[in-house]
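Notes to accompany the following structure.
The values are calculated or read from the model by the stated rules, or taken from the named source; none is laboratory data. Everything numeric in this text was worked out from a predicted model, so none of it was measured. Reconstructed Cβ throughout: ideal geometry from the backbone, glycine too, with neighbour counts over all protein chains shown.
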Amino acid sequence: MPGTKDVLSEKEVRAVVAFVQVLSLGYELYDRFCASCHGSNGHPAVLAFQEIFGVPLGQGEQPPVFDEAYMRTHNDDHLQVWMRHMLKENRVGMPHFAGDLNAGQVRQILTYLRELPPAS
């Protein structure tokens with residue numbers, strides 16, 4: 001594919017990247033199972049968190065921010081083990097998706113999260 005630097009502005013390139021991400025199965029799964037608590041861009045949504053848990057974001061158990069620092073310090077093997085373990089745990093704050101997500105789908109979600117653009 002030819003470069004886009006001479007054809008698209010930086011803003012247009014970001015829009016194309018966002019559109020392609022929306023087409024990924026990882027986005028669809030993340031949007032359906034994760035975004036309500038973890039935010040559409042990997043950053044917890046303040047209002048949604050308060051609505052779901054009844055406390056403001058910053059109080060009680062917090063969902064992680066899936067930013068560059070988090071992804072740099074958590075490799076896929078670690079995250080997949082944690083997610084599978086979480087699926088079996090009786091945790092009040094996290095819904096159980098053991099019957100809904102298989103290991104391949106978990107990998108697709110992780111791939112989507114790793115490809116999110118840095119927060120600006």
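Observations
- Pro117 being surrounded by 10 or more Cβ atoms within 10 Å (Cβ to Cβ), modelled with pLDDT of 65 or more and either charged (D, E, K, R) or not in a helix (DSSP H, G or I) (or both): yes
- Met71 modelled with pLDDT of 80 or more and surrounded by 13 or more Cβ atoms within 10 Å (Cβ to Cβ): yes
- Selection status of His85, at pLDDT below 70, in a loop (DSSP other than H, G, I, E, B) and more than 14 Å from Leu29 (Cβ to Cβ): no
- Considering region 1-42, the residues that are within 21 Å of Gln62 (Cα to Cα) and among the aromatic types (Phe, Trp, Tyr) include one that is surrounded by the most Cβ atoms within 10 Å (Cβ to Cβ), namely Tyr30.
- Subset of region 1-33 [within 25 Å of Leu110 (Cα to Cα), at pLDDT below 80 and among the hydrophobic types (A, V, I, L, M, F, W, C)]: Val17, Ala18, Val22
- Residue list for region 43-68, filter: at pLDDT 80 or above and either surrounded by fewer than 12 Cβ atoms within 10 Å (Cβ to Cβ) or assigned to a helix (DSSP H, G or I) (or both): Glu68
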